[in-house]
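Below is one structure, written out as structure tokens; comments come after it.
Only the coordinates and a few stated rules stand behind these numbers; no lab work does. Keep in mind that this is a model prediction, so the values were computed, not measured. Positions of Cβ are generated from backbone atoms using ideal geometry, with glycine treated the same way; all protein chains shown enter the neighbour counts.
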Ligand SMILES: C[S@@+](CC[C@H](N)C(=O)[O-])C[C@H]1O[C@@H](n2cnc3c(N)ncnc32)[C@H](O)[C@@H]1O
């Protein structure tokens, strides 16, 4: 069976989750996210492209109201199986089309979601996230920076990040990520972009 090459399609991801070929999966909560949760007041958080969703537990245990979404059925199944009762927080759906109901979230958190999407979809990503966040709330993310090798992933560079987010968000914080997978080492940054 040949693999799908279009990462905007669930099939691309389904094949990888079904075969256990998920080299991006950290299998734990990133340290930078734990630090963020530790210094933040609980609120509502949306996790787009959550995959197996380790972060859901961390937010829920700290009292956050968590909504996570992924459009790959095997990813959602794996997340729900692992999460048990917390699996109710995981929606099977397309982040770009799903009706989340009334606006808005206090935080959108993501890791390796933007870089999974081809750059020709990135303006839709920004517009969608901006619509889902109230003014002054945060896009908190672990973004991949650097040179594009064999996409996906599609990494950012400073100029593309500013072009993408700069008109709707201000960069409030950047920290190095010290617990990256070998695949991403030296290229991940914890960033907090505040909705204008
Ligand atoms: C590289 S994986 C990252 C998964 C997870 N964030 C992690 O850190 O392990 C990208 C994820 O985004 C999901 N995805 C891609 N496009 C999506 C969309 N339009 N709506 C919902 N999920 C999407 C894929 O199914 C996949 O699980």
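Summary table
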| quantity | calculated |
| --- | --- |
| Residue identified as assigned to a loop (DSSP other than H, G, I, E, B) and touching a strand residue (DSSP E or B) at 6+ places or on another chain (Cβ under 7 Å) among 59, 95, 36 | 95 |
| Residue in the stretch 54-70 that is closer than 22 Å to residue 185 by Cα and either more than 9 Å from the ligand (Cβ to nearest atom) or surrounded by 16 or more Cβ atoms within 10 Å (Cβ to Cβ) (or both) present | yes |
| Subset of the stretch 125-155 [part of a strand (DSSP E or B) and more than 21 Å from residue 22 (Cα to Cα)] | 133, 134, 135, 136, 137, 138, 139, 140 |
| Residues of the stretch 1-15 satisfying the condition of being in contact (Cβ under 8 Å) with a residue 12 or more places away in the chain and over 15 Å from the mean Cα position of the chain (by Cα) | 1, 3, 10, 14, 15 |
| Unique residue being more than 9 Å from the ligand (Cβ to nearest atom), free of Cβ contacts under 8 Å to residues at least 24 places away in the same chain and under 19 Å from residue 137 (Cβ atoms) when the list is 39, 80, 88 | 39 |
| Residue ID - surrounded by the fewest Cβ atoms within 10 Å (Cβ to Cβ), chosen from residues in the stretch 103-124 that are in a helix (DSSP H, G or I) and more than 11 Å from the chain's Cα centre (by Cα) | 120 |
| Residue list for the stretch 14-33, filter: assigned to a helix (DSSP H, G or I), in contact with a strand residue (DSSP E or B) (Cβ under 8 Å, 6 or more places away or on another chain) and within 12 Å of the ligand (Cβ to nearest atom) | 33 |
